[in-house]
Every structure is written in structure tokens, then in C-alpha cells.
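The structure appears right after this line, and notes come after that.
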Amino acid sequence: MAAPSSALVARDLTKRYGDTTALESLDLDVAPGVVYGFLGPNGAGKTTTMRLLTGLIDPTDGEAFVAGTPSSNRRELVDQIGLLPEEPPLYDELTGREQLQFAADLRDRPWESVADRALEFCDALDLTADLDRRIEGYSTGMRQKAAFVQAVQHDPDVVFLDEPTNGLDPRAAKTLRELILDLAAADTTVFLSTHILPVVEEIADEVGVLHDGRLVAEGSPAELVADAEREAGADLEDAFLALTSEPEAAWQPQP
């Protein structure tokens, strides 16, 4: 069982599909209230990792725990996590409000128990006025807002966000970044996967870089930048490019 001080733990987590290894021997230990930026090139294994951690698929080897619950215990896990996948699970025939109510029902939560929190997020994201419109008429940004709210309205221990600013205009994207920081300040752990590196550099406490199914670096954004400065530039993008374009053995943390 994971230690109480850990919100997210992976031990030797591995996923193979036949002869193909999508993720190999991943070890993670993320504390409550941390924004953890999870980076990697396309095909590195990020989506596989998120599906393993959220119990959507089973590992070939290893284990994972979320808020002390094994990821294999999907029934209990569903109430402890929030998930915003890259393609949000929304139903076009529902209104925004009905979608949020449906998401609460899936967790056996009465709408009244989550409504205040849900509507606070809707207000912050300027979605409230559109809650009684059918989702089929929503723009990409509005759909993303609704999907974010349904991922956090039940006050989960850990929130998994895959490209959460997709389709958002600059104002809404800024608001969402602020909401992520608010979640972390309230002791919610945020596992953030995105290709927008300035966002990670701005809000992440810790960063993990995945390359070819292996975690090749981990630390704060500043630490990763410092470790890569000898061969690259002075921001997270340069560090990321150095880490994912050279052999794993070439990267060593600064003493």
C-alpha cells in the first residue's frame, strides 16, 4: 500500500503489447498538492501511462496507487480521480448542465452535493450562461471547459489532465492555469500532460520527461533547465529537446 504522504505512486510500472514495450519500469512518487508536468514526444508512452494510472488498462508488470488505492481497483478509484483526456467524453444530445449531472451520477454523487463547486468553476470559465444549451452547439473551447469542470467538480484527490488548454482562447487558457494552481493549493495533485512547455514551466512543481517508454529525467523545471544548460539553452524547451534527442545515458543531473 502506498504511503499516506504520497498522492500518486508507480512501482516498476510496465506495459507491453506483444513485442512492443509502450512503458518500461516507471517509478513515480508524487506528493499531495503538487502540479506534476508529464512531458514526452509523440509516441513516448504518455497516454499509456495515464491510462495505467487511472485504471483504464492493466499493466503487464508493476503496480500503481492513487491516494493509496490500487489503480486496479477501478470501482473505488473512480471517486478519487478526475480525468480530462485529450478527447473529452461528452454527449452532444445533453445540455452542459445535464452532462455535469450525468458525470455526478456516474460517481453516485447527488447533483446537489457537487453543484456549488461545479458552478463556481463554470463561473470562472464563463460557461454558466451556456449550461442549458446542448453540447452539440458548443465550440471546441466550450467543450473543453465543460470537460474540465466534470473532471474536478467532485473534489478528487488527483486530477489527470491531457492537453487541458486545447481549443481555449488566451483568456480562458490563463484562467484554467490559475484554476490548476488553485487546485494544487487545496492539496489536489494535478498530473498534467501537455506539449505547451511554457505552461509547464510556469505552473509545474515537478516535471517528468518520458522518452521511448522510459522516464529519462525528473525534477523541478529549474533543475531540468540547469542540468541541460551545458549543452542547450536556458529554458524548459531547450532542456526537453536535449533530453529527448540524445541517448538517455548522456543526461546526468548536476551535482
Q) Is the shape of region 16-75 rounded, prolate or oblate, going by the alpha carbon gyration tensor and its root eigenvalues a ≥ b ≥ c, with a/c under 1.5 for rounded and a/b larger than b/c for prolate? A) oblate
Q: Rounded to the nearest Å, what's the spacing between the alpha carbon centres of region 155-226 and region 39-64? Just the number, please.
A: 17
Q: As a check on your grasp of the helix formula, calculate [θ] at 222 nm for the chain: sum -39500 (n - 2.57) over DSSP H runs of n ≥ 4, divide by the residue count, round to the nearest 500.
A: -10500 deg cm²/dmol
Q. Out of region 80-118, which chymotrypsin sites (Phe, Trp or Tyr not before Pro) are coil in DSSP terms and have no more than 13 other C-beta atoms within 10 Å?
A. Tyr91
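What is the packing order of peptides 31-40, 178-187, taking the mean over residues of other C-beta atoms within 10 Å and listing the highest first?
Values: 31-40: 21.5, 178-187: 15.4.
The peptides rank, most packed first, as 31-40, 178-187.
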Q: Loop only per DSSP, at most 11 neighbouring Cβ atoms within 10 Å: give me the GluC sites (Glu not before Pro) in region 87-151, ordered by residue number.
A: Glu93
Q: Treat every Asp and Glu Cβ in region 124-230 as -1 and every Lys and Arg Cβ as +1, leave all other atoms uncharged, and give the resulting dipole magnitude about the Cα centre to the nearest 20 debye.
A: 480
Q. With a 10 Å Cβ neighbour count serving as the proxy for reagent exposure, in which order, fewest first, do Lys145, Lys15 appear?
A. Lys15, Lys145
Q. What is the sum of charges around Gly68, taking Lys and Arg as +1, Asp and Glu as -1, for the other residues whose C-beta is under 11 Å from the C-beta of Gly68?
A. -2
Q: Would you list, by chain and number, the lysines whose Cα falls below 21 Å from the Cα of Lys15, excluding same-chain residues fewer than 8 positions away?
A: Lys46
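Counting Lys and Arg as +1 and Asp and Glu as -1, each charge on the Cβ, what is the dipole of the chain about the Cα centre in debye, to the nearest 20?
It comes to approximately 560 debye.
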**Q.** Among (1) -0.47, -0.63, -0.71; (2) -0.42, -0.63, -0.75; (3) -0.31, -0.49, -0.59, the entry derived from the coordinates for log10 I(q)/I(0) by the Debye sum over Cα atoms at q = 0.08, 0.10, 0.11 Å⁻¹
**A.** (3)
Q. Using the Cβ atoms and a cut-off under 13 Å, what net charge is assigned to the surroundings of Arg109, where Lys and Arg are +1 and Asp and Glu are -1?
A. -4
Q) lysines within cross-link reach of Lys174: Cα-Cα under 21 Å, excluding same-chain residues under 8 positions apart? A) Lys145
Q: Determine, for Ile81, Ile203, Ile57, the number of other Cβ atoms within 10 Å of each Cβ, and report the residues in order from fewest to most.
A: Ile57, Ile203, Ile81
Q: Calculate how many DSSP beta bridges within the chain are antiparallel, expressed in % of all such bridges and rounded to the nearest 5.
A: 55
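Read the figures in this text as sums done on the coordinates, not as results from a lab. As the structure is a computational prediction, the values presented were derived from the model and not from experiment. Backbone-built Cβ (ideal geometry, glycine too); neighbour counts: all protein chains shown.
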